[in-house]
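Report on the structure given below.
The values are calculated or read from the model by the stated rules, or taken from the named source; none is laboratory data. Small disclaimer: the values here were computed from a predicted structure and weren't measured. FYI the Cβ positions are ideal-geometry reconstructions off the backbone, even for glycines, and counts take in every protein chain you see. The area values use the complete protein model at the heavy-atom level, side chains included, leaving out ligands, DNA and RNA. Shrake-Rupley method; radii C 1.70, N 1.55, O 1.52, S 1.80 Å.
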Amino acid sequence: MRMILVGPPGAGKGTQAARLIDTYRIPHISSGDMLRAAVKEGTALGVAADTFMKAGKLVPDDVVIGMILERVAKLDCAEGFMLDGFPRTAPQAAALDAAMRAAGVELDAVVLLEVPDALLEERAVGRRTDPVTGTIYHLKYNPPPPEVAGRLVHRKDDTIEAVTTRVQKYHSETAPIIPFYLAKGILKRVDGVGEPDLITQRITAVLSS
Ligand code: AMP
């Protein structure tokens, strides 16, 4: 299974990806997680990405495209992969398409998680991540157990200001790539509002149909 998870910031892509890889047994490749790791390690890529990320802006295409194409070319992706947060622009979608064509493989599905803008800010601002396990919580909708509550991290770009910019970027840069996948006949729209378990069920249902 070669698939992409697309959706606005706070749609639940990371939460759902973590659940889906248990079923599909493919690597979960999150461009945001890879960039955050690079920032933490202080690599050249991380230094280049940091300012854009903090402001909620997109990291330049050439940086992200190189990083992801290198990753999907690795041996563990030979049987499939789940991209989360990439592609996010038309040049990224074109670069992925060209690389996959050159490798003689095709995308099976693009899952679009749909969540109204009005819900995104609250979802992101209340989001917390466990740095030890990577588990994503929400202070109100998916509260963490007391034993991990003290170590949770609030992402620097989950502020109201950065989320507003990220939602705008989603509409101006990312939403325009959706017709490309619709035309290929592989777009699966999924209602992203509801309990995480329910949304996982909706995704697995569209993927098996
Ligand atoms: P995410 O964890 O997917 O919400 O990504 C966090 C941040 O990383 C984004 O707001 C961007 O600054 C950057 N980023 C992640 N993926 C991409 C991408 N495909 N293209 C450009 N910037 C990205």
*Of the peptides 102-108, 1-7, how do they stack up when ordered by the mean number of other Cβ atoms within 10 Å, highest first?*
1-7, 102-108
*Where in segment 58-141 are there trypsin sites (Lys or Arg not before Pro) that are in a DSSP coil and have at most 10 other Cβ atoms within 10 angstrom of their Cβ?*
Lys140
*asked:* Quick one: 3J(HN,Hα) in Hz for segment 106-119, Karplus 6.51/-1.76/1.60 with θ = phi - 60°, rounded, Gly and Pro as x.
replied: 10, 6, 8, 7, 10, 9, 9, 8, 9, 9, x, 3, 4, 8
*asked:* Check which residues have an amide H placed less than 5 Å from Arg189's amide H, if you skip close sequence neighbours.
replied: Leu112
*List the residues whose amide H sits under 5 Å from the amide H of Arg2, counting only those 5 or more places along or on another chain, with H placed 1.01 Å from N in the peptide plane.*
Phe81, Asp108, Ala109
*Summing -39500 (n - 2.57) over the DSSP H runs of n ≥ 4 in the chain and dividing by its residue number, what mean residue ellipticity at 222 nm do you reach, to the nearest 500 deg cm²/dmol?*
-14500 deg cm²/dmol
*Assuming a ≥ b ≥ c are the square roots of the Cα gyration tensor eigenvalues, decide whether segment 104-193 counts as rounded (a/c under 1.5), prolate (otherwise, with a/b larger than b/c) or oblate.*
prolate
*Report the antiparallel proportion of the DSSP beta bridges in the chain as a percent, rounded to a multiple of 5.*
25 percent
*Using Cα positions and a limit of under 26 Å, work out the lysines in reach of Lys184, with same-chain residues fewer than 8 apart set aside.*
Lys13, Lys74, Lys169
*Setting aside same-chain residues fewer than 8 positions from Lys156, which lysines have a Cα under 16 Å from its Cα?*
Lys40, Lys54, Lys57
_From phi via Karplus (6.51, -1.76, 1.60), per-residue ³J(HN,Hα) for segment 144-155 in Hz, x at Gly/Pro_ = x, x, x, 5, 9, 3, x, 10, 6, 10, 9, 4
*asked:* With +1 assigned to the C-beta of every Lys and Arg and -1 to the C-beta of every Asp and Glu, and no other charges, what is the dipole magnitude of the chain about the Cα centre in debye, to the nearest 20?
replied: 80 debye
*Karplus-derived HN-Hα couplings along segment 178-183 (A = 6.51, B = -1.76, C = 1.60, θ = phi - 60°), whole Hz, x at Gly and Pro*: 5, x, 4, 7, 4, 5
*Hey, any idea what % of the chain's accessible area is carbon plus sulfur with a 1.4 Å probe?*
57 percent
*By what distance, in whole Å, do the Cα atoms of segment 59-209 stretch along each of the three principal axes, largest value first?*
49, 35, 33
*asked:* Kirkwood hydrodynamic radius, computed over distinct alpha-carbon pairs, for segment 16-88: how many Å, to one decimal?
replied: 12.9 Å
*asked:* If I take every Cα pair under 8 Å that is 6 or more residues apart in the chain, average their sequence separation and divide by the length, what percent do I get for the relative contact order?
replied: 31 percent
*Would you mind working out the magnitude of the charge dipole of segment 28-142 relative to its Cα centre, with +1 at each Lys and Arg C-beta and -1 at each Asp and Glu C-beta, to the nearest 20 Debye?*
400 debye
*Which shape class, rounded, prolate or oblate, goes with segment 1-130 when its Cα gyration tensor gives a ≥ b ≥ c as root eigenvalues, a/c under 1.5 marks rounded, and past that a/b bigger than b/c marks prolate?*
oblate
*Report the calculated FRET efficiency for Thr23 and Thr51 (r = Cβ-Cβ distance, R0 = 41 Å), to the nearest 0.05.*
0.65
*asked:* Using only the heavy atoms of the protein chains and a 1.4 Å probe, how would Thr89, Thr135 rank by accessible area, largest first?
replied: Thr135, Thr89
*asked:* With a 1.4 Å probe and all protein chains left in place, how much accessible area per residue does the chain have, in Å²?
replied: 50 Å²
